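As structure tokens, the structure follows; a few thoughts come after it.
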Amino acid sequence: MFEALADAVVVLTQRGVKSSASSRFGMGQALDWTRLDFSTRKREMEQVVRNALASHPGAKSMGDDVILPLGGKDIGVVVHAIPTAFMVAAAREMVGRPFLRDHKRTDLLKKAQDPLHLIACHRGATETQARALLGFPDAIVVSDLFGIYVADEVQKVQFAFLANCRDDAQTRHALQRFLEWLEQSTEALRLAARAQSRANIVRTIAAENKKK
């Protein structure tokens, strides 16, 4: 037990040092990412999140998506990125409302529940912006160190904004904070339950569309 605790302290300290060292956005990789055009920066951000998810214990890559064990279920995670401030319409429209296309992910839904949408944000995001993306205000909206988590108890849509994804280290740090928050808050169990319900809804919509 003491050895595990010592290892955890070392890992957390190294992670904190790395995050602190990369908090200057006018130098290093953060500056390199700022020099990129929107499309290239978006791809870089998404790839970092996918790679970090795929390295998680029990995770499996499935094309551009990742199947991640959360709350005792396999959750399909779809990764997106907003490559500059959320208020910039051209960048925001590159993501749109991705959950409206969930019914087209039939291959993913054969092997996992939901999907959960993770949206890496190059800058920050607000609760108002999160509700605007969802499309209506009556939802669970949680702000924490990682960014913002949104869950709709009617349609069972779930997504999270990972804030300040300015470089590789900051992006991975935001994702790790989100996954830790899910476990520490026990929200992972509720996320998994919603994901199963969402998958049932989406499969029904996909089946109805096939009849057309």
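For the reader, a short list of remarks on this structure follows.
- Among [x] 21.2, 60; [y] 17.3, 52; [z] 17.3, 61, the entry derived from the coordinates for Rg and Dmax of the Cα atoms in Å: [z]
- Rh (Kirkwood; distinct C-alpha pairs) - segment 128-195, Å: 12.5
- Amide H contacts under 5 Å for VAL77, placed H, 5+ residues apart: VAL66, ILE67, LEU68, LEU116
- Theoretical ellipticity at 222 nm over the chain - DSSP helices of four or more residues, -39500 (n - 2.57) apiece, nearest 500: -15000 deg cm²/dmol
- Other residues with beta-carbon under 15 Å from the beta-carbon of GLU183 carry, at +1 per Lys or Arg and -1 per Asp or Glu, a net charge of 0.
- For the pair LEU100 and THR126, the difference between a 0.36 nm per residue extended length and the Cα-Cα distance amounts to 7.2 nm.
- Heavy-atom surface of segment 63-123, accessible at 1.4 Å and reported per residue (Å²): 40
- Those trypsin sites (Lys or Arg not before Pro) in segment 42-136 that DSSP places in a loop and that have at most 14 other beta carbons within 10 Å: LYS110, LYS111
- Proximal charge balance of LEU36 [Cβ under 14 Å; K/R count +1, D/E count -1]: -1
- Distance between the modelled labels on LEU145 and LEU36, one decimal in nanometres: 2.6 nm (7 Å Cα→Cβ projection).
- Treating r as the C-beta distance of ILE205 and LYS111 and R0 as 22 Å, the FRET efficiency rounds to 0.75.
- Stokes-Einstein diffusion coefficient of segment 52-119, Kirkwood radius over Cα pairs, 20 °C, 1.002 mPa s, in µm²/s: 167
- Taking the DSSP bridge list for the chain and keeping only pairs wholly inside it, about 60 percent are antiparallel.
The values are calculated or read from the model by the stated rules, or taken from the named source; none is laboratory data. Since we're looking at a predicted model, the values are computed, not measured. We place every Cβ from the backbone using ideal geometry, glycine too, and count neighbours over all the protein chains shown. In case anyone asks, the SASA skips ligands and DNA or RNA and just uses the protein heavy atoms, side chains included. Shrake-Rupley method; radii C 1.70, N 1.55, O 1.52, S 1.80 Å.
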